[in-house]
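The structure appears right after this line, and notes come after that.
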Amino acid sequence: MRLPYAPAEAPASASPSNPDPAATAAVYARIAARRAPRPLIPLDLALLHSPPVADGWNGFLGAIRSQTVVAEAVLELAVSRVGALTDAVWEWRAHSALAAKAGVSRAVLEWMLKKEPVESIAAEGVDGLGEKEVAVIRYTDAMTKDIKVQDGVFDKLKDFFSEREIVELTTAIAAYNCVSRFLVAMDVGEMNDKKMEIPAEAK
């Protein structure tokens, strides 16, 4: 990473960057509780240079990951696409593996890494991409690359998702665009020079 990582344990002593050690310890504990049984990951240790930011990040991403009703395969399809489009190797590796476990096919993951527009899907005949998945990818691409989403792209989501699901999907795409940009700018996990790979779980 471009900065040293924050310590893996909450600092016990006060300093200009840690004026309230008790509050910092509480933040560490909340993040550790969400990660359990795994240890804190490099992303956590990058964010923990600013405990209030790390705390807010943990709550926001925790809600997206554990309290939404969007199907896991749909969520991870969108997040993996964001990782591919933004060259966020860490995000791609983590979430393409989750996508594969949720049932997203190897053919779909291989196609996503090409970063081709969705219009190429019909020509290539990508196995595992139905109308719903195409609508999700088109929406993800628009949010990530164009920012402004055309009415037709947005309205197509209504054929497949409830209002709550659309809000949650939109929030997830936006959130993981934030994640990818932080990961790449800071080179979290020293992944910027690593290769995008298809996860072993993919079938």
If each of ASP155 and PHE182 carries a label point 7 Å out from its Cα toward its Cβ, how far apart are those two points in nm? 3.7 nm
One finds, for HIS49 and ASP127 with R0 = 41 angstrom and r their Cβ-Cβ distance, a FRET efficiency to the nearest 0.05 of 0.40
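Rounded to whole Å and ordered largest first, report the semi-axes of the equivalent ellipsoid of segment 72-190 derived from its Cα gyration tensor (root of 5λ).
21, 17, 13
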In nm, spacing of pseudo-spin labels at GLU190 and ALA102 (7 Å Cα→C-beta vector): 3.1 nm
Sorted by mean Cβ packing within 10 Å, highest first, what order do the peptides 147-160, 174-187, 95-108, 70-83 take? 70-83, 95-108, 174-187, 147-160
Modelled FRET efficiency - R0 35 Å, GLU119 with ARG30, Cβ distances, 0.05 increments: 0.20
Provide the per-residue ³J(HN,Hα) series for segment 126-139, in order, calculated from phi with Karplus coefficients 6.51, -1.76, 1.60 and θ = phi - 60°, each as a whole number of Hz, with x at glycine and proline positions. 6, 6, x, 10, x, 4, 5, 5, 5, 4, 5, 5, 4, 5
At 222 nm, what value in deg cm²/dmol follows for the chain if DSSP H runs of at least 4 each add -39500 (n - 2.57) and the sum is divided by all its residues, to the nearest 500? -18000 deg cm²/dmol
Extent of the chain along each principal axis, from alpha carbon coordinates, in Å, largest to smallest? 61, 36, 31
For all pairs of alpha-carbon atoms in segment 32-104, what percent lies in each bin of width 10 Å, listed from the first bin to the last filled one? 19, 44, 34, 3
So what is the relative contact order for the chain, in percent, with contacts set as C-alpha pairs under 8 Å and at least six apart? 28 percent
Once phi is turned into ³J(HN,Hα) by the Karplus curve 6.51 cos²θ - 1.76 cosθ + 1.60 with θ = phi - 60°, what whole-Hz value does each residue of segment 11-24 show in order, with x for glycine and proline? x, 7, 9, 6, 7, x, 8, 9, x, 10, x, 5, 5, 4
³J(HN,Hα) computed for each position of segment 89-101 - Karplus, 6.51 cos²θ - 1.76 cosθ + 1.60, integer Hz, glycine/proline x: 4, 4, 4, 4, 4, 5, 8, 5, 5, 5, 4, 4, 5
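How much length is gained if the chain between ILE41 and LYS203 is pulled fully straight, taking 0.36 nm per residue apart and subtracting their Cα-Cα distance, in nm to one decimal?
Difference between extended and current length: 55.6 nm.
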Which pairs break 26 Å Cα to Cα here: LYS132/LYS195; LYS114/LYS145; LYS115/LYS156; LYS114/LYS203? LYS132/LYS195
Can you tell which of ALA172, ALA12, ALA142 shows the greatest fluctuation in a Gaussian network model of the chain with Cα springs below 10 Å? ALA12
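Values in this text are rule-based calculations from the coordinates and carry no lab data. The structure displayed is predicted, hence computed values, not measured ones. Reconstructed Cβ throughout: ideal geometry from the backbone, glycine too, with neighbour counts over all protein chains shown.
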